[in-house]
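Novice: There's a structure below that I have some questions on.
The values are calculated or read from the model by the stated rules, or taken from the named source; none is laboratory data. All of these numbers come straight from a predicted model, not from anything done at the bench. Here the Cβ positions follow ideal geometry from the backbone for every residue, glycine too, while neighbour counts run over all protein chains shown. Accessible surface areas use protein heavy atoms only, side chains included; no ligands, DNA or RNA. Shrake-Rupley method; radii C 1.70, N 1.55, O 1.52, S 1.80 Å.
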Amino acid sequence: GYNLITGYGSTTISNIETNSDLITNPTISSNTARTTYTGGLIGENANSSSGSFTLKDSYSNRKIEGISFVGGLIGFVNNSSTGSNHITNSYSDGKIIGTENYIGGIFGSYTSTKETQDLVDKIFTSSEVSGKNYVGGFAGQLTYVNINDSYSLGKTTAENYVSGFVASTDYSNYN
């Protein structure tokens, strides 16, 4: 599938930019890309070890299309490790289109654990987001994620479970 980076274990990613000036084909299409776990920077980040993941000072400015778990920055994050992830000072601006579930301007779906409670800080999106179910301007779904100084400005449309910020959330904090 098409992804710039897929992170496992301890990973730090910074200063990534994607737009039509840096990528020769700025459109991800479900015909040529992963159809699930599609993101502007990362399709999937699944961490089950003791490592951690950091994404900072990065952005995506492009059209992204997929089926489920589609996000402006990351399609799917599942941190079941003992290390905390930290995503900071990044943004997305583009059109995010999913034909099914868990679609968001930043994350399609992000799940952490009660023990780690990952931090998302200073993140914003002005992406236009559309999908079928669990569609949010910021995220389609969040579990055990702490959100600070972050916002969403784009238009959001869906058939069911739609929100300007997060469509479905469990045990997450917003400041």
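Novice: Could you order TYR59, TYR110, TYR151 so the one with the most accessible surface comes first? Probe is 1.4 Å. It would help to have the intermediate numbers written out before the result.
Specialist: Numbers: TYR59 40, TYR110 0, TYR151 105 Å².
In descending accessible area the options line up as TYR151, TYR59, TYR110.
Novice: For TYR151 paired with TYR171, estimate the spin-label separation in nm (one decimal), with each label point 7 Å from Cα along the Cα-to-Cβ line.
Specialist: Using points 7 Å along Cα→Cβ, the separation is 3.0 nm.
Novice: Tell me, how many Å apart are the Cα centres for the range 34-101 and for the range 117-175?
Specialist: Centre-to-centre (Cα) distance: 12 Å.
Novice: Now for a separate question. If you average 1/r across every pair of different Cα atoms in the range 54-95 and take the reciprocal, what Kirkwood value do you get, in Å?
Specialist: After inverting the mean inverse Cα-Cα distance, the result is 11.7 Å.
Novice: Shifting gears a bit: Among the listed pairs LYS56/LYS155; LYS95/LYS132; LYS56/LYS132; LYS95/LYS155, which are separated by more than 20 Å between their Cα atoms?
Specialist: LYS56/LYS155; LYS56/LYS132
Novice: Largest first and in whole Å, what are the equivalent-ellipsoid semi-axes of the range 54-137 based on the Cα gyration tensor, each being the root of 5 times an eigenvalue? Intermediate values should be presented prior to the final figure.
Specialist: Details: eigenvalues 92, 48, 14 Å².
Sorted largest first and rounded, they come to 21, 16, 8 Å.
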